[in-house]
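Inspection log for the structure reproduced underneath, given as structure tokens.
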Amino acid sequence: MFASDHAGAALVTGASRGIGRVIARRLAQAGVAVAINYRQSRVEAEALVAEIEGGGTRAVALQADVSRPEQATDLFRRAEAELGAIDIVMNNAGITRDRLLIQMSEDDWDATWSTNLGGPRAIARIALSAMCGRRRGRLINIGSVVGSFGNSGQANYAASKSGLLGLTRQLAIACAASGVTVNCVVPGYIMTDATAGLSELQREQWLRMIPMRRYATAEEVAEVALFLAGPGATYVTGQCIAVDGGLLAAAGAGLAS
């Protein structure tokens, strides 16, 4: 897609920090104009826009809370108004509200669910309508290995990320005849702002479970996302690709402990 005269532009949600920031930067390096969505981190988002435009690629920062369907829908419309046809969507925005289920408030559950699954659903609804009408486009969701095997204190997060896997596959089936692909990148344990608060003991426990015995980098996750958005992935759809150092394979074999 990147080499096409009709490659359009990209929208990356939750792009002011972490994996989303790296994905947005890599898209821009590939020559794709990027709409950088943020919820609260305006300074970081605007700094990324300045960096990208300094490199000669168009970018725009757009505030929206994707947990609110009307804001998610408006975000896509604003991105197209600013940059033209959005042919690549990276649903990256996500939050955690970790507690044991018996201690978890309704707000903890609802906020996580509406951001991690409701946001991608709302954006997919409007984005795929446009993409299927144009008969081109890539939608990439960013999931988590926790959606496949769970994690202590993360019932809300695990349920939302598990739902995202199912949503990915169903949307891929629905859009396949239009030539639009829908896939999911599934990071394993990665050092970002979202995981920086874990204790040293928790980090060591995760490390022992990973066959490669190291954590992923945001750049490694971004490269897989870029592949799915690029010219080599025209026949790849409905896939949930783990970038986890063998963690899911070990869990399936009963070796992750």
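The values are calculated or read from the model by the stated rules, or taken from the named source; none is laboratory data. Everything numeric here is computed off the predicted structure, so don't read it as measured data. Cβ coordinates were reconstructed from backbone atoms using ideal geometry, including for glycine residues, and neighbour counts include every protein chain displayed.
Tabulated data
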quantity: Segment 124-157 - residue that is modelled with pLDDT under 95 and in contact with a Ser or Thr (Cβ under 8 Å, 6 or more places away or on another chain) and, of those, farthest from Leu248 (Cα to Cα); calculated: Asn156
quantity: Single residue of Leu128, Leu83, Leu139, Leu101 found to be crowded, with 21+ Cβ neighbours inside 10 Å and in contact (Cβ under 8 Å) with a residue 12 or more places away in the chain; calculated: Leu139
quantity: Residue in segment 210-257 that is farthest from Thr168 (Cα to Cα), counting only those that are modelled with pLDDT of 95 or more and in a loop (DSSP other than H, G, I, E, B); calculated: Gly230
quantity: Qualifying residue in segment 28-46 (condition: under 18 Å from the mean Cα position of the chain (by Cα), in a helix (DSSP H, G or I) and either of a type in the set (Lys, Arg) or more than 25 Å from Ala111 (Cβ to Cβ) (or both)); calculated: yes
quantity: Matching residues, segment 89-112, being among the β-branched types (Val, Ile, Thr) and under 14 Å from Val66 (Cβ atoms); calculated: Val89, Ile95, Thr112
quantity: Residue that is surrounded by the most Cβ atoms within 10 Å (Cβ to Cβ), among those in segment 35-68 that are farther than 19 Å from Thr112 by Cβ and polar (S, T, N, Q); calculated: Thr57
quantity: Restricting segment 221-244 to residues that are farther than 13 Å from Asn183 by Cα and in contact (Cβ under 8 Å) with a residue 24 or more places away in the chain, the residue that is surrounded by the fewest Cβ atoms within 10 Å (Cβ to Cβ); calculated: Pro231
quantity: Residues being over 20 Å from Ile123 (Cα atoms) and not charged (D, E, K, R) - total across segment 42-77; calculated: 10
quantity: Residue count for segment 175-209, restricted to those that are modelled with pLDDT of 95 or more and assigned to a loop (DSSP other than H, G, I, E, B); calculated: 2
